[in-house]
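One structure is given below, encoded as structure tokens.
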Amino acid sequence: KDLQPKEVLPKAGLVVSEKGNLTEVLCKPKILPLKSITLQKLEDMEARVAELQQQQQAAATSGPKTAQQFYPGGNH
């Protein structure tokens, strides 16, 4: 016997047909950044903090400034 279901068409509404040749549709690839914006901002902040720490260490190791360094023309 034939075991395929009987095709029924609705009397009202939309009819959707899936008969036909179905093929894959390829989309353009999405380009993603290697680093997120948040990660980039965080790395920039860390670099600025490291630079400030180096400047502070350099200022601390240079020793206290004398009046001659502040006023090279003489004592005021």
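The values are calculated or read from the model by the stated rules, or taken from the named source; none is laboratory data. Quantities reported herein were computed from a predicted structural model and do not represent experimental measurements. Don't worry about glycine lacking a Cβ; one is built from the backbone with ideal geometry, like all the others, and counts go over all protein chains shown. Accessible surface is based on the protein model in full, side chains and every heavy atom, while ligands, DNA and RNA are left aside. Shrake-Rupley method; radii C 1.70, N 1.55, O 1.52, S 1.80 Å.
Between Val8 and Leu26, how many nm apart are label points set 7 Å from Cα along the C-beta direction?
Going by the 7 Å Cα→Cβ label model, 4.2 nm.
Using the heavy atoms of the protein chains and a 1.4 angstrom probe, tell me the accessible area per residue for segment 1-50 in square angstrom. All intermediate terms of the calculation are to be shown ahead of the outcome.
Working: 6030 Å² over 50 residues.
Per-residue value: 121 Å².
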